Amino acid sequence: MSFTISGLDPEEFQPLFGLSNEELQQRGVIRKSATTKPGFPCRITLEDAEPGETVLLLNHESHKTDSPFRSSYAIYVRESTLATQTFTNELPPVLKGRPIALRIFDKGGNLIDADLDMSGELAAKIEHAFDNPDTAYIHAHNAMHGCFAAEIRRAS
């Protein structure tokens, strides 16, 4: 089963880029400088920021649904990002080498299954989830911190 993993649209975050630290703070956003790699995974590029690179830490509603499974949590985005990265039938850097939880949803935004990868079998687990015809999309989350990592869809 073919799948596509896409980063978030930078347009959503564009109004924050370049604001002062005080203006960001008024919006509940923190500007940080990446200190390690990995450690500051950008949800737009699906790559970890380089040490010294600026990222914004903010709350993001990753699952905008009218079901009980609506979700938001803290994420990082690179302040210098201009374009979304998309990966087809391959895992982006932020999903490699980390324990990843998969939340599997139907077209109504309801959780129908879940899985956990801690052994490097993530692509196979994604393909298996799409074997279920009721699976509409999957959200990958960092298993330890719980933050949204990326949305996964069937490739067209």
- Leading residue by the ranking (surrounded by the most Cβ atoms within 10 Å (Cβ to Cβ)) among those in region 121-139 that are farther than 21 Å from Ser62 by Cα and among the acidic types (Asp, Glu): Glu127
- Query: Restricting attention to region 114-132, which residues are among the acidic types (Asp, Glu), under 13 Å from Arg98 (Cα atoms) and more than 17 Å from the chain's Cα centre (by Cα)?
  - Reply: Glu121
- Message: Step by step: first the residues of region 59-89, then only those that are in contact (Cβ under 8 Å) with a residue 24 or more places away in the chain and among the acidic types (Asp, Glu), then the one that is farthest from Asn142 (Cα to Cα). Which residue is that?
- Response: Asp66
- Message: Taking the conditions exactly as written (in contact with a helix residue (DSSP H, G or I) (Cβ under 8 Å, 6 or more places away or on another chain) and under 22 Å from Glu61 (Cα atoms)), does Ile100 satisfy them or not?
- Response: yes
- When residues of region 31-45 are filtered for being polar (S, T, N, Q) and under 22 Å from Ser6 (Cα atoms), how many remain? 1
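Any read-out appearing in this document is the output of simple, stated calculations on the displayed coordinates, not a laboratory observation. Please read these numbers as outputs of a predicted model, since none were measured by experiment. Cβ: placed from backbone, ideal geometry, glycine included. Neighbour counts: every protein chain shown.
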